[in-house]
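Below you'll find the structure, written out as structure tokens, and then a few comments.
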Amino acid sequence: MSGFNKVIDSYEEAMAGLEDGMTVIAGGFGLCGIPENLIAEIKRKGTKELTFVSNNCGVDDFGLGVLLVDRQIKKMISSYVGENALFEQQLLAGELEVELTPQGTLAEKMRAGGAGIPAFFTATGYGTPVGEGKEVREFNGRNYILEESITGDFAIVKGWKADTYGNVVYRDTAQNFNPMAATAGKITVVEVEEIVEPGELSPTEIQTPGIYVNRVIKGTFEKRIEQRTVRQS
Amino acid sequence: MALSREQMAQRVARELQDGYYVNLGIGIPTLVANYIPEGMEVMLQSENGLLGMGPFPTEDEIDADMINAGKQTVTAVTGASIFSSAESFAMIRGGHVDLTVLGAFEVDVNGNIASWMIPGKLIKGMGGAMDLVAGADNIIVTMTHASKHGESKLLTECSLPLTGSGCIKKVLTDLAYLEIEDGAFHLKERAPGVSVEEIVEKTEGKLIVPDEVPEMVFE
């Protein structure tokens, strides 16, 4: 690596520095746009006691679900979980902690975390279990709760293309939480389908500027589909 | 007779207006997309980051990177836009979505809604529902009027943990269309062949019944 070149060659290098007990922010919605090879590397590495901030927790044999097998996850901060049997089992056994967070609040917690904003007020969750114990303020006659932002020791992100400087573009709805995750990691690792030279991506189309990105790696992806729905042609 | 799921979707579709941006929840709300009136332009918002959701893809069009909030493969219509989750919820929480349709377990006379959690059962999460009810001004809740055991879901006070407080003004059940105002349900329309008495009997919360309650008409 030299100058702004962020490209690395191995997944071992991609997750170097990840230690037991760290917090990892992961992009993805369901199985769409998940950093599947970075997750596989965390599994191979065997890091434990991890806190994951991710909208979902994958399925039994794909996505973050694979990290449940060896009990690598201590806590999930998510809006919707439980698409897998192992998850349910570990939750009920008290081996796994879950902090359910409304989806928009979760996205904003990452965005604010990456932008240096420690907390924000939102109407979402006021008067519900989510608002319990949180500071309430009234603005213009409406009640809002104070939500704290989130940053991670690592952010793991799935992009479509990146240039060697770490400028990233996403493809279709595989974008989802990835751009916010990218801003909120002390070390942000992006895996992409294609790496191009600086200048090949138009500056106006860049969705994650390279300033947020520490490491870029090219991977090959299974891209599993969770709900295959079709219409007759 | 109680409305079928399709009839409920048809009735909700009558609330659509030309040029509306609409978020449809999972279940009956999703079916509303099948009843957008001919010639009307409506853009469907999917909270994972798609404005202008189209029909399911054909076998040839399937793309793992194109899904909706229910994680189903979808397409985008001409004029659609795709964006991040933060942008998506800026639209929702900023009040930019014209109509939100979602299901519920219970609603009450103060416009509270419970839709995400039944204590004692596995809790999977609220997804985007809390953001949707907090951010939208125009929400229609679709639900059955009573449980299978005949217990009312239109209550004086929700018994389940809330999704949002004081945010629901319109409810379509399989028996009636009602609006919530001043701490009561107001009966506006009834399903074809359903008596006012049956609706009264199955509504636990305070219910205001006008002299005339028109029957819904379906072709």
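The values are calculated or read from the model by the stated rules, or taken from the named source; none is laboratory data. These figures come from a predicted structure and were not determined experimentally. Every residue, glycine among them, receives a Cβ derived from its backbone with ideal geometry; neighbour counts consider all protein chains shown.
Considering only strands (runs of 3 or more DSSP E) fully contained in the range B:155-209, which possess at least 3 residues that are within 27 Å of B:Asp131 (Cβ to Cβ)? Write out each step before concluding.
Working: elements: B:170-173, B:176-181, B:184-190.
Qualifying strands (runs of 3 or more DSSP E): B:170-173, B:176-181.
Per-residue answers, yes or no, for (1) small (Gly, Ala, Ser); (2) surrounded by fewer than 17 Cβ atoms within 10 Å (Cβ to Cβ); (3) part of a helix (DSSP H, G or I):
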{"residue": "A:Gly17", "(1), (2), (3)": "yes, yes, no"}
{"residue": "A:Ile39", "(1), (2), (3)": "no, no, yes"}
{"residue": "A:Ile42", "(1), (2), (3)": "no, no, yes"}
{"residue": "A:Thr51", "(1), (2), (3)": "no, no, no"}
{"residue": "A:Asn56", "(1), (2), (3)": "no, no, no"}
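Looking at this structure, is A:Gln89 surrounded by 14 or more Cβ atoms within 10 Å (Cβ to Cβ), within 11 Å of chain B (Cβ to nearest Cβ), closer than 28 Å to A:Gln227 by Cα and among the polar types (S, T, N, Q)? Working first, answer last.
Details: surrounded by 14 or more Cβ atoms within 10 Å (Cβ to Cβ): no; within 11 Å of chain B (Cβ to nearest Cβ): yes; closer than 28 Å to A:Gln227 by Cα: yes; among the polar types (S, T, N, Q): yes.
So A:Gln89 does not fit the description; no.
Read through the list (1) within 14 Å of chain A (Cβ to nearest Cβ); (2) out of contact with any strand residue (DSSP E or B) (no Cβ under 8 Å at 6 or more places or on another chain), then give the number of the only condition that B:Leu162 fails.
That leaves (2) as the condition not met.
So which of A:Gly46, A:Gly127, A:Gly114 ends up being surrounded by 24 or more Cβ atoms within 10 Å (Cβ to Cβ) and among the small types (Gly, Ala, Ser)?
Numbers: A:Gly46 fails: surrounded by 24 or more Cβ atoms within 10 Å (Cβ to Cβ); A:Gly127 fails: surrounded by 24 or more Cβ atoms within 10 Å (Cβ to Cβ).
When all the criteria are applied, what remains is A:Gly114.
Would you say B:Ala114 is among the hydrophobic types (A, V, I, L, M, F, W, C), closer than 26 Å to A:Glu99 by Cβ, in contact with a Cys (Cβ under 6 Å, 6 or more places away or on another chain) and without any contact (Cβ under 8 Å) to a residue 60 or more places away in the chain?
Values: among the hydrophobic types (A, V, I, L, M, F, W, C): yes; closer than 26 Å to A:Glu99 by Cβ: yes; in contact with a Cys (Cβ under 6 Å, 6 or more places away or on another chain): yes; without any contact (Cβ under 8 Å) to a residue 60 or more places away in the chain: yes.
So B:Ala114 passes the test.
Mind listing whichever residues of the range A:94-149 are within 9 Å of chain B (Cβ to nearest Cβ) and polar (S, T, N, Q)?
A:Thr101, A:Gln103, A:Thr105, A:Thr122, A:Thr124, A:Thr128, A:Asn143
So if I check each of A:Ile150, A:Ile195, A:Ile211, A:Ile225, which one is buried (at least 21 other Cβ atoms within 10 Å of the Cβ) and either without any contact (Cβ under 8 Å) to a residue 60 or more places away in the chain or not in a helix (DSSP H, G or I) (or both)? Steps first, please.
Working: A:Ile195 fails: buried (at least 21 other Cβ atoms within 10 Å of the Cβ); A:Ile211 fails: buried (at least 21 other Cβ atoms within 10 Å of the Cβ); A:Ile225 fails: buried (at least 21 other Cβ atoms within 10 Å of the Cβ).
None of the other options fit; the residue is A:Ile150.
Please go through (1) assigned to a helix (DSSP H, G or I); (2) hydrophobic (A, V, I, L, M, F, W, C); (3) surrounded by fewer than 15 Cβ atoms within 10 Å (Cβ to Cβ) for B:Phe218 and return the number of the only condition it doesn't satisfy.
Going through (1) assigned to a helix (DSSP H, G or I); (2) hydrophobic (A, V, I, L, M, F, W, C); (3) surrounded by fewer than 15 Cβ atoms within 10 Å (Cβ to Cβ) one by one, B:Phe218 breaks only (1).
Kindly indicate whether any position in the range A:112-132 is at pLDDT below 95, touching a Phe, Trp or Tyr at 6+ places or on another chain (Cβ under 7 Å) and part of a loop (DSSP other than H, G, I, E, B). Steps first, answer last, please.
Going through the range A:112-132, the residues at pLDDT below 95 turn out to be none.
Checking the range A:112-132: not a single residue is at pLDDT below 95, touching a Phe, Trp or Tyr at 6+ places or on another chain (Cβ under 7 Å) and part of a loop (DSSP other than H, G, I, E, B).
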